[in-house]
Amino acid sequence: MDGIKRRLNESVQVRLSFALTLGILVFGAVAGAFSFVSALDEAHELQDDVLRQVAALLDRERLPADFPEGGIQGGNEESRVIVQRLGSWRPSAPGIDAGGVLRLEKSLPDGLLTVATNGENFRVLVRTMKDGQRIAVAQEEGFRDEIARDGALRAVMPFLLLIPLLLLMVARLVRGMFQPIAELSREVDRRAELQLHSLDAEGVPVEIKPFVSAINRLLERVAQSMRAQRRFVADAAHELRSPLAALSLQAERLADAEMSDAARERLSALRGGIARGRDLLDQLLALARAQSALEPPLSPVSVLGVYRRVLEDLLPLAEAKHIDIGVEGERDAKVWANELDLFALVRNLADNAIRYTPEGGRVDLAVGEADGRTVLTIDDTGPGIPEEERERVFDPFYRSLGSGQQGAGLGLSIVRTIAERIGARVSLSFRDEAGQSGLRVSVSMQAAREERGGLSLG
């Protein structure tokens, strides 16, 4: 009960449906009861008219001389109409079911009466005819009531059939009225965190449009704040690159000078720190670019073409660690994505694979298909990522303990940001599930399939 009350207080749709349902049920009950009573009274009036018509016919035609003393009975036992002279009953006369007469006293007044006699109720019309004779026209009350109730129920039947249909129609109408709001809610839920464009208020009820407009203004303010934040990160990274480049240049010049072994060792550590700082700035700039909206793709991108560019870029890093890196198979696929986005995504994944794979290891890039989508796969023979850390590694600046790598921890964060923007899904698993080693990164994307006259999304 408390749950129902809470839903009534919280949901406009439930309250509206409940109010309309209650109103329909109350109206239907009142209208049905009124129709039933009216139809019942009308049926009884029609039955009384039958008795009047029989009496009027006998009065006009006059009773025949051979009219039986016990009267006449027409119809079967239930529907019979009994006509008899008033006062024709005798104590020795048989009962009505045995062909006798009703026990009616001579003192009954003219008009319609309900008389209990012979153990049953009868509707009796007493009439004095022109020749002075008094007759009674009677019919069994139980049969009359049954006929009247059947007629009244037939009159009420449309209400009994239409009310459930009306309730279903009201439920559908109310649900349909709130459908644009539900669709708007689903659209917001489907959005990625960087999709801050305005909501479409087309088809939304007028009463909800001010609320949608307020949400759009909030989204615009959030978008402006995020743009300002990204500009700050990008500007700060740009401003820091020049001093770091100058420091790197000075450190290279200093390395040519005469110095002790201890000084040279400290200089080597300084140059390593400067290199790591430059890598961090490069990744911060890459993250800022990934969070910025690029132009939508005008044509599909070849996955193998992107793989070749990544291999050309990272081959020196792989050769320095004697890592065998290459593309498995010759199968190609085309996907709808910005080429710069796809290049940055694959490059970061391949760079991570090279950095975390021991010397003499292997990194493989492949493309396949699953469930109608194109799947990009990057495998390595490194230590892999434990299942409990697979969500955390996408957080900015997070690095697995004991990896021995000095990266900034932004690579996978950049990958997830790009994937969310282009509608891709990234999943991590072990390359060797049995040995719990190696890392396999799968990127599932919408495929672009060739059709007659052009390309379409698969």
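The values are calculated or read from the model by the stated rules, or taken from the named source; none is laboratory data. In this text the structure is predicted, and so the values were computed from the model without any measurement. Backbone-built Cβ (ideal geometry, glycine too); neighbour counts: all protein chains shown. Side chains included, ligands, DNA and RNA excluded: accessible areas come from the protein's heavy atoms. Shrake-Rupley method; radii C 1.70, N 1.55, O 1.52, S 1.80 Å.
List of remarks:
- Given (1) assigned to a strand (DSSP E or B); (2) at pLDDT below 85; (3) crowded, with 18+ Cβ neighbours inside 10 Å; (4) not β-branched (V, I, T), index of the condition R144 fails: (1)
- With respect to (1) more than 30 Å from G423 (Cβ to Cβ); (2) surrounded by fewer than 14 Cβ atoms within 10 Å (Cβ to Cβ); (3) at pLDDT below 75, the lone exception for A246 is condition (3).
- Residue in the range 377-397 that is modelled with pLDDT of 85 or more and among the hydrophobic types (A, V, I, L, M, F, W, C) present: yes
- Test: P180 is closer than 30 Å to L25 by Cβ, touching a residue at least 24 places away in the same chain (Cβ under 8 Å) and surrounded by 11 or more Cβ atoms within 10 Å (Cβ to Cβ): yes
- Picking from residues in the range 108-133 that are in a strand (DSSP E or B) and among the small types (G, A, S), the one that is modelled with the highest pLDDT is G111.
- So E105, is it over 30 Å from A155 (Cα atoms), among the acidic types (D, E) and either part of a loop (DSSP other than H, G, I, E, B) or at pLDDT 80 or above (or both): yes
- Of the residues making up the range 403-419, those that are open to solvent by 50 Å² or more (accessible area, probe 1.4 Å), at pLDDT below 80 and on the phi < 0 side of the Ramachandran plot are Q405, Q406.
- Close pairs from the range 422-437: first under 17 Å from V393 (Cα atoms) and open to solvent by less than 50 Å² (accessible area, probe 1.4 Å), partner aliphatic (A, V, I, L, M) and not in a strand (DSSP E or B), Cβ under 6 Å, at least 6 apart: V426/A419; L428/I385
- Test: residue in the range 301-324 that is in contact with a Pro (Cβ under 7 Å, 6 or more places away or on another chain), over 30 Å from S248 (Cβ atoms), surrounded by 21 or more Cβ atoms within 10 Å (Cβ to Cβ) and at pLDDT 85 or above: no
- Search result, residues across the range 325-356 that are assigned to a helix (DSSP H, G or I), open to solvent by 20 Å² or more (accessible area, probe 1.4 Å) and charged (D, E, K, R): E339, R347, R355
- P386 surrounded by fewer than 18 Cβ atoms within 10 Å (Cβ to Cβ) and within 21 Å of L315 (Cα to Cα): no
- When we screen D97, D2, D41 for residues that are modelled with pLDDT under 55 and open to solvent by 80 Å² or more (accessible area, probe 1.4 Å), the only hit is D97.
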